[in-house]
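Derivation of every value follows stated rules applied to the coordinates shown; laboratory data play no part. Keep in mind the model is a prediction, meaning the values are calculated, not measured. We place every Cβ from the backbone using ideal geometry, glycine too, and count neighbours over all the protein chains shown.
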Amino acid sequence: MQQPSILVVDDEGDFLETLTNRLKKRKIAALGCSSGEEALRLVKQTPFDVVVLDIKMPGGMDGIQTLREIKKVRPEIEVVLLTGHASLETSMEGMQAGAYDYLLKPIKLEDLLEKLAQALERRGGPEHRAQSEEIRKLLEKT
């Protein structure tokens, strides 16, 4: 079985590095980038299973714009939004644009792993279900 492929997008460098390292330590293939533009370029090149995407990012594309572009290019990718700014309006906008769900920062790794498992299940197919089960086994160990 292939590891799930996760793209983490966040402009906070320390948070991005810590989160991708924690996922890799648990044998989850994670790649990080710090902008919406870079995320879109990577998504065009690589068929990620799930994108974990910060809503508030400086520069040309915020998280909602990035989400919309990702869904145009690869509608099958599930997107979990991250926000440090609990805004129901923004979160609802993200859900309407195709996000699977959202988490509030600071996040607990266990909560993120559960969301990743759920997103993989939603993708469907035996491989994604098996990946989801593997993530749930990680949760049992924590």
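A compact table of results
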quantity	calculated
Pairs where the first residue, in segment 112-126, is without any contact (Cβ under 8 Å) to a residue 40 or more places away in the chain and under 12 Å from LEU138 (Cβ atoms) and the second is among the basic types (Lys, Arg) and assigned to a helix (DSSP H, G or I), C-beta under 6 Å, 6+ apart	ALA117/ARG136
Failed item in (1) over 15 Å from the mean Cα position of the chain (by Cα); (2) closer than 24 Å to GLN96 by Cα, with ASP14 passing the rest	(2)
Residue selected from segment 69-111 under the condition of a type in the set (D, E, K, R) and not in a helix (DSSP H, G or I), by the criterion nearest to the chain's Cα centre (by Cα)	GLU78
In segment 6-38, the residues that are surrounded by fewer than 18 Cβ atoms within 10 Å (Cβ to Cβ), closer than 16 Å to LEU113 by Cβ and among the small types (Gly, Ala, Ser)	ALA29
Residue in segment 89-97 that is touching a Leu at 6+ places or on another chain (Cβ under 9 Å), without any contact (Cβ under 8 Å) to a residue 60 or more places away in the chain and of a type in the set (Val, Ile, Thr) present	yes
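Let's see how each residue does on (1) within 14 Å of the chain's Cα centre (by Cα); (2) in a helix (DSSP H, G or I); (3) not aliphatic (A, V, I, L, M):
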position: LEU7; (1), (2), (3): yes, no, no
position: LEU31; (1), (2), (3): yes, no, no
position: LYS44; (1), (2), (3): no, yes, yes
position: LEU67; (1), (2), (3): yes, yes, no
